[in-house]
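**Q** Supplied in structure tokens, the structure appears directly below.
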Amino acid sequence: MRLAGRTWRWMSWLNLDTMTWCLKGVAAVWLIAQIAPAPQHVLLDAPQTVVTNAPQLCVHTRLIDEVPEFRMQQSLRAVREMGAGTIVEFFPWAYVERRPGQDDWSQPDKIFKHARNQGIRVIARLGLVPEWARQREDGTPTTFNELPAESYDNFAAYAARFTARYRDDLAAIIVWNEPNLTFEWGFRPVSPVEYTALLAATASAVRAAAPDVTILAGALAATLEPVGSVNGLEDILYLRGMLDAGAAAYFDGLAVHSYGLRSAALDAPARDRLNFRRVELLRDVLDEYGLDEMKVWITEFGWNDHPRWAGAVSPAQRVINTLDAFRWADAQWPWLAAQCLWVFRYPTPANSYPDGFVLATTDFDLKPLYFALQTYATGSAP
């Protein structure tokens, strides 16, 4: 009995100690909660309208990886104030449908909410494959860009749900990105025939869900890679391969990328040259196949002014080239639907040459090109 009493007293002290520590823990959590900032509530602006004299001015954003919602608002407000009424944004399938049949629209919903509030339309680039849709039977590793043929219908179903959900705010959707590059095609041999099959499945599903949404094919990367290259295939050859495979029935516009590199904006195009006006050669292919009414959408282009990259130009030359490109397109390309610069801003700095493409730094320091475009589009800059 005496031992039992001691045990009871020891257990009582243990329980008291435990309760004391628990109360201290609760108090600490409460104190931290008083110090920590409250969850941020982002208030919408009054509904805005983009005022611009340059309706084709468009910029690619990187909002899908933005964590604070107020940064989305800040970016889109700056895009509107620059005079751009359209953005290109990436909406990865892998982010939304992490498990089959379970969609998480929270991040896209925020982007569209703020784009709508700023009066901005969205060109949505769709791609990036969730793990469950790219698994191989033999268990060998796959990349985020690898989409096996048996998953085409799953991707098409995602695209249909996406377009049905956001149709009122969409300028267009892009089916995949740079399929003529091996990296973007999951490190498999590129194939315009296989891409056409993906395009056909996606177009059928999207047109059933939202027949008024514009479907863009591509977006083709400007490259000179010959047939058989392990890196990809020349954009002109790839487009011909698509059209020979019957792709024209499945898209409403052609998305292309047209970077200037170190060449001037007005340099003439040539088959063996990568420059801004190379897009004219793709336009010729469309005309050759009887698609003279089809619009071309430049969904990525621009010059880089990074001080330590061999492919860069000076900040002043970047401004000159970009403005020349817009003026040339406005005067010479009635078939151009949009001209979208890469890139407005990165959520975090790349700490390398890609930082030379931005219009605003991660800390929202606006580059000289931003103000030059604002003056071009609106007639004034602050």
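**Q** Cut-off is 10 Å between beta-carbons; in what order do 43, 373, 181 appear when sorted fewest neighbours first?
**A** Values: 43 6, 373 24, 181 19.
Sorted ascending by nearby Cβ count, the order is 43, 181, 373.
**Q** Ignoring everything except DSSP H segments at least 4 long, calculate the 222 nm mean residue ellipticity for the chain; use -39,500 (n - 2.57) per segment, divide by total residues, nearest 500. Let's see the in-between values first.
**A** Numbers: 10 runs with 147 residues, N = 382.
Here the helix-only value at 222 nm equals -12500 deg cm²/dmol.
**Q** Output the peptides 78-88, 312-322, 100-110 sorted from most to least packed, where packing is the average of other Cβ atoms within 10 Å over each peptide's residues. Can you show the working numbers first?
**A** Numbers: 78-88: 24.2, 312-322: 18.2, 100-110: 13.2.
Highest mean packing first, the order is 78-88, 312-322, 100-110.
**Q** Please compute the Kirkwood hydrodynamic radius of the chain from all pairs of different C-alpha atoms, in Å with one decimal. Working shown, then result.
**A** Numbers: mean 1/r = 0.0436 Å⁻¹.
22.9 Å is the Kirkwood radius here.
**Q** While we're here: What helices in the chain pass both tests, a Cα length along the helix axis of 24 Å or more and a mean Kyte hydropathy of -1.0 or higher, using whole DSSP H runs? List each step's numbers first, then the result.
**A** Values: long enough: 2-35 (50 Å, 0.41); 192-209 (25 Å, 0.86); 315-332 (25 Å, -0.40).
Span-like helices here: 2-35, 192-209, 315-332.
**Q** Which residue fluctuates most in the GNM of the chain (Cα springs below 10 Å): 308, 327, 278?
**A** Among 308, 327, 278, the largest mean-square fluctuation in the Gaussian network model of the chain belongs to 308.
**Q** Ranked highest first by average number of other Cβ atoms within 10 Å, how do 147-158, 212-223 line up? Intermediate results must be reported in sequence, preceding the final value.
**A** Details: 147-158: 18.1, 212-223: 23.3.
Per-residue mean Cβ counts within 10 Å order the peptides as 212-223, 147-158.
Read-outs: derived from the displayed coordinates by stated rules, not from any lab. For clarity, every value in this text was computed on a predicted model and none was experimentally measured. A quick note on method: Cβ atoms are made from the backbone with ideal geometry, for glycine too, and the neighbour counts reach across all protein chains shown.
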